[in-house]
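*Asks:* I'd like to ask you about the structure that follows.
The values are calculated or read from the model by the stated rules, or taken from the named source; none is laboratory data. Please read all numbers here as calculations on a predicted model, not as lab measurements. Using ideal geometry, Cβ is built from the backbone for each residue, glycine included, and neighbour counts are taken over all protein chains shown. Ligands, DNA and RNA are stripped out before the accessible areas are found, and what is left, the full protein with its side chains, is counted by its heavy atoms. Shrake-Rupley method; radii C 1.70, N 1.55, O 1.52, S 1.80 Å.
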Amino acid sequence: MAIASTTPWLRALADEPTDERSIHFFETQIRPILADNCYACHSQTADKTRAGLRVDSLAGLMSGGDSGPAIEPGDPDSSLLIQAVQYDGFEMPPSGKLPQPSIEALRTWVSMGAPWPAASDDSNSGSLDRGEGPPPFDLNARKDSHWAWQPIVDPALPAINTTDWPTQPLDQFVLAPLEQNRLLPAPPIDRRGLIRRLAFDLTGLPPTIDEVDRFLNDNSPDAFSRLVDHFLVSPSFAERWARHWLDLVRYAETRGHEFDFDAPGAFQYRDYVTRAFQEDVPYGQFVIEQVAGDLLDPPRFSSGTEINES
């Protein structure tokens, strides 16, 4: 990123920097140069940190990478970062040399002592944001903050204006934010649309003509409940939802490298997972079978095929 300032202005800033001006200079001129040209290969967000160098923190620049420290604060001529952008021994970025104003900005920044914003949690001590990676994982703190671990409560129903729309308490939680944003709820779907939505949700497939006809002609109060049960016991339900687990464990039927050889017998695991969903195996049992199924006594047998699933 080229900077609009002239070289004399940069020199004046380097000669008489203040904390506020130097940090403003870093944020408006230096960080954009690093982010636009370096972060893709040399940051915490890079797929792979090249040459062991990170430039998204002062600590990363000071410790450097395979070739040593990237900067020597106050001495741009001895800083590998400056040599690299000047194509003096190193050539970075490899896509093309930076514009001269950007190089001059980097030289000025190093000459100023490489000012870096203080970390928000260290503002009292004046220490720098060294970007040393994420904080340690604290399971108890994570549990205290994550919604899934919170105790179950019975929340108060939100206030609504259209009192004749909800058919159950849950509907009020849907309607309240709609009204806050001056939106109207969608009209009720007809029965043909209802069975189509349900079929796609549970099986990933459209309903058959016979299934549609049976539902349209079923006027009993529990027609929809029985339709749900019908799709839940369908083999298509098990096949659809087993795919989510297979994706999680990276199931594949080939090796996946350049020759892409087949993985003989992989389909047996796929079929095992599908049968487990079909038979509604409890999650705990399902996991135990995959971790130590050969140690289970007695093993679990499939009810439909008498296959030893453990």
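*Asks:* Examine region 148-155 for a residue that is in a loop (DSSP other than H, G, I, E, B), within 31 Å of the chain's Cα centre (by Cα) and surrounded by 10 or more Cβ atoms within 10 Å (Cβ to Cβ), and state whether such a residue exists.
*Replies:* Yes, that holds for at least one residue.
*Asks:* Which of (1) hydrophobic (A, V, I, L, M, F, W, C); (2) surrounded by fewer than 16 Cβ atoms within 10 Å (Cβ to Cβ); (3) closer than 30 Å to residue 305 by Cβ; (4) at pLDDT 95 or above is the odd one out, the single condition residue 231 does not satisfy?
*Replies:* If we test residue 231 against (1) hydrophobic (A, V, I, L, M, F, W, C); (2) surrounded by fewer than 16 Cβ atoms within 10 Å (Cβ to Cβ); (3) closer than 30 Å to residue 305 by Cβ; (4) at pLDDT 95 or above, just (2) comes out false.
*Asks:* Among (1) open to solvent by less than 20 Å² (accessible area, probe 1.4 Å); (2) modelled with pLDDT under 90, which single condition is residue 110 missing?
*Replies:* All conditions are met except number (2).
*Asks:* Give the number of residues within region 25-37 that are of a type in the set (A, V, I, L, M) and either in a loop (DSSP other than H, G, I, E, B) or in contact (Cβ under 8 Å) with a residue 60 or more places away in the chain (or both).
*Replies:* Quick first cut of region 25-37, residues of a type in the set (A, V, I, L, M) only: 30, 33-35.
Checking which are either in a loop (DSSP other than H, G, I, E, B) or in contact (Cβ under 8 Å) with a residue 60 or more places away in the chain (or both) leaves us with 30, 33.
Final tally of qualifying residues: 2.
*Asks:* Could you check region 247-265 and list, in sequence order, the residues that are modelled with pLDDT of 90 or more and in contact with a Phe, Trp or Tyr (Cβ under 8 Å, 6 or more places away or on another chain)?
*Replies:* Matches in region 247-265: 251 only.
*Asks:* Restricting to region 255-288, name every residue that is more than 21 Å from residue 240 (Cα to Cα) and assigned to a helix (DSSP H, G or I).
*Replies:* 288
*Asks:* Just to verify a result, which residue in region 244-268, among those that are open to solvent by less than 100 Å² (accessible area, probe 1.4 Å) and farther than 26 Å from residue 305 by Cα, is nearest to the chain's Cα centre (by Cα)?
*Replies:* Within region 244-268, the match that is nearest to the chain's Cα centre (by Cα) is 256.
*Asks:* Output the number of the condition that residue 72 fails; it satisfies all remaining conditions of (1) within 15 Å of residue 117 (Cβ to Cβ); (2) of a type in the set (D, E, K, R); (3) modelled with pLDDT of 90 or more.
*Replies:* Answer for residue 72: the failing condition is (1).
*Asks:* Given the criterion among the hydrophobic types (A, V, I, L, M, F, W, C) and over 30 Å from residue 293 (Cβ atoms), identify the matching residue among 202, 227, 232, 248. Walk me through it before giving the result.
*Replies:* Values: 202 fails: over 30 Å from residue 293 (Cβ atoms); 232 fails: over 30 Å from residue 293 (Cβ atoms); 248 fails: over 30 Å from residue 293 (Cβ atoms).
Within the list 202, 227, 232, 248, the selection yields 227.
*Asks:* Okay, moving on. Quick check on residue 159: is it farther than 30 Å from residue 235 by Cβ and outside any helix (DSSP H, G or I)? It would help to see each step written out before you state the result.
*Replies:* Working: farther than 30 Å from residue 235 by Cβ: yes; outside any helix (DSSP H, G or I): yes.
Taking the combined requirement at face value, the residue satisfies it.
*Asks:* Given the criteria touching a Phe, Trp or Tyr at 6+ places or on another chain (Cβ under 6 Å) and either assigned to a helix (DSSP H, G or I) or over 24 Å from residue 310 (Cα atoms) (or both), does residue 199 qualify? Break it down into steps so the answer makes sense when it comes.
*Replies:* Values: touching a Phe, Trp or Tyr at 6+ places or on another chain (Cβ under 6 Å): no; either assigned to a helix (DSSP H, G or I) or over 24 Å from residue 310 (Cα atoms) (or both): yes.
Here the answer is no, as residue 199 does not meet what is asked.
*Asks:* Would you confirm, using the coordinates I've provided, whether residue 211 is open to solvent by 40 Å² or more (accessible area, probe 1.4 Å) and modelled with pLDDT of 90 or more? Please lay out each step first, then the result.
*Replies:* On the way: open to solvent by 40 Å² or more (accessible area, probe 1.4 Å): no; modelled with pLDDT of 90 or more: yes.
Against the criterion (open to solvent by 40 Å² or more (accessible area, probe 1.4 Å) and modelled with pLDDT of 90 or more), residue 211 does not qualify.
*Asks:* Tell me which of these residue 206 doesn't satisfy, since it passes every other one: (1) in a loop (DSSP other than H, G, I, E, B); (2) under 32 Å from the mean Cα position of the chain (by Cα); (3) at pLDDT below 95.
*Replies:* Going through (1) in a loop (DSSP other than H, G, I, E, B); (2) under 32 Å from the mean Cα position of the chain (by Cα); (3) at pLDDT below 95 one by one, residue 206 breaks only (3).
*Asks:* Hey, among 205, 216, 178, which residue is surrounded by 12 or more Cβ atoms within 10 Å (Cβ to Cβ) and in contact with a Pro (Cβ under 9 Å, 6 or more places away or on another chain)? Spell out how you get there, then give the answer.
*Replies:* On the way: 205 fails: in contact with a Pro (Cβ under 9 Å, 6 or more places away or on another chain); 216 fails: in contact with a Pro (Cβ under 9 Å, 6 or more places away or on another chain).
Within the list 205, 216, 178, the selection yields 178.
*Asks:* Oh, and also: Being surrounded by 15 or more Cβ atoms within 10 Å (Cβ to Cβ), of a type in the set (Gly, Ala, Ser), free of Cβ contacts under 8 Å to residues at least 24 places away in the same chain and not in a loop (DSSP other than H, G, I, E, B) is the filter here; which residues of region 49-67 pass it?
*Replies:* If the condition is that a residue be surrounded by 15 or more Cβ atoms within 10 Å (Cβ to Cβ), of a type in the set (Gly, Ala, Ser), free of Cβ contacts under 8 Å to residues at least 24 places away in the same chain and not in a loop (DSSP other than H, G, I, E, B), then 63, 65 are the ones that fit.
*Asks:* If you don't mind, there's one more thing I want to ask. Restricting attention to region 12-37, which residues are more than 36 Å from the chain's Cα centre (by Cα), surrounded by 14 or more Cβ atoms within 10 Å (Cβ to Cβ) and at pLDDT 55 or above?
*Replies:* If the condition is that a residue be more than 36 Å from the chain's Cα centre (by Cα), surrounded by 14 or more Cβ atoms within 10 Å (Cβ to Cβ) and at pLDDT 55 or above, then 13, 17 are the ones that fit.
*Asks:* Let me ask something else. Being small (Gly, Ala, Ser) and part of a helix (DSSP H, G or I) is true for just one of 84, 70, 40, 46. Which residue is that?
*Replies:* Only one candidate qualifies: 84.
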